[in-house]
Amino acid sequence: MIQVTRLDQAEPGRRRVAIGTFDGVHRGHREVIRDADTVLTFEPHPLEVLHREAMPKLIMPFAVKRDVIEGLGVRELVVIPFDREFAALPATDFIDRVLLERLGAEWVSVGENFRFGAKAQGDIEMLEARPEFETRVMPLVEVAGETVSSTRIRALVAAGDMTQARECLGVPFMLEGTVVTGDRRGRELGFPTANLVPDDRLVLPGHGVYAAFANGHPAAVNVGVRPTFESGRGVLVEAYLIDRDIDLYGHSLRVAFVERLRGERRFDDSEALIAQMRRDTDDARRVCGSFQPA
């Protein structure tokens, strides 16, 4: 079990530290984290504090990021509560007070575009000049001839391209939330769903129907506004857990998207919609049954 620690509560010790925001924990991030026993990250995202207007949609909520990092074999996740006071910390103080005094870093791993300290004045050369620890700088990673980046992954997810998103992430794109009460129309149609209201701070898959795993169970998932019915509600994520009838109201649900099956569309009547939902369920069952984790 990974230990999650605030920076000011971290016990002194000798650590191999990977540093970064790591939104998405994609394949490039994984190379930075490889061989580290400790990950040092920031919460909230620094742009949310410094330039809220430039803040991108996040790929992962913190809980998902924590679990993915744990799956990489990291024993400790040290979190810097990022605020304007910390943002004003000079780069030399970041090295002396955070990396050396607090964390006892003897090895530091960063990406090639890493900057740190007040006004981002700290750079790779500053780290490499310090004899107290070894610095490893990881180059950018490419998938299908393009650099892997959080920006690229956001675009893929928004377009519904879960296959390419998974190639870049190393795991399926995931979202998580608390199941809310819907209009119960799914149960009336014979397909009861667990419904999530998307978090506006997070990137959302493009509207459509997906094969996915919901809390580990194969599922057919609709993302959208349900155009066949004029419900007046906004966007919902509706997960039909295949061959399961579980009351999940008020519980946490994590959805891992595998493949987009079709776009969202309006049907003339309930019968046509039910027939399509049966086909969607069969397709989702087939896709999930043949899915092989990376």
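The values are calculated or read from the model by the stated rules, or taken from the named source; none is laboratory data. Being a predicted model, the structure only gives us computed values, none of them experimental. Cβ atoms come from the backbone with ideal geometry, glycine included; neighbour counts cover every protein chain shown.
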Practice problem: Looking for whichever is on the phi > 0 side of the Ramachandran plot, without any contact (Cβ under 8 Å) to a residue 40 or more places away in the chain and among the small types (Gly, Ala, Ser) here; the options are GLY216, GLY224, GLY208. Which one fits? | Solution: GLY216
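Find the strands (runs of 3 or more DSSP E) located wholly in the range 216-294 whose residues include 2 or more that are modelled with pLDDT of 90 or more and loosely packed, with under 15 Cβ neighbours inside 10 Å, and list them.
Working: elements: 217-224, 236-241, 252-262.
Hits in the range 216-294: 252-262.
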Exercise. Inspect the range 17-25 for any residue being over 19 Å from PHE116 (Cα atoms), surrounded by 18 or more Cβ atoms within 10 Å (Cβ to Cβ), in contact with a strand residue (DSSP E or B) (Cβ under 6 Å, 6 or more places away or on another chain) and in contact (Cβ under 8 Å) with a residue 60 or more places away in the chain and give the result as yes or no.
Key: no
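Would it be correct to say that PHE42 is surrounded by 14 or more Cβ atoms within 10 Å (Cβ to Cβ), more than 23 Å from MET174 (Cβ to Cβ) and touching a residue at least 40 places away in the same chain (Cβ under 8 Å)? Give the steps one after another, and end with the answer.
Values: surrounded by 14 or more Cβ atoms within 10 Å (Cβ to Cβ): yes; more than 23 Å from MET174 (Cβ to Cβ): no; touching a residue at least 40 places away in the same chain (Cβ under 8 Å): yes.
No; evaluated as a whole, the condition is false for this residue.
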Quiz prompt | Failed criterion for LEU58 (all others in (1) modelled with pLDDT under 95; (2) under 13 Å from the mean Cα position of the chain (by Cα) hold) | solution = (1)
Quiz item: How many residues are over 21 Å from the mean Cα position of the chain (by Cα) and under 16 Å from PRO81 (Cα atoms) when one looks only at the range 1-38?
Solution: 4
Practice problem: Looking only at the range 73-121, count how many residues are crowded, with 17+ Cβ neighbours inside 10 Å and of a type in the set (Ser, Thr, Tyr). | Solution: 1
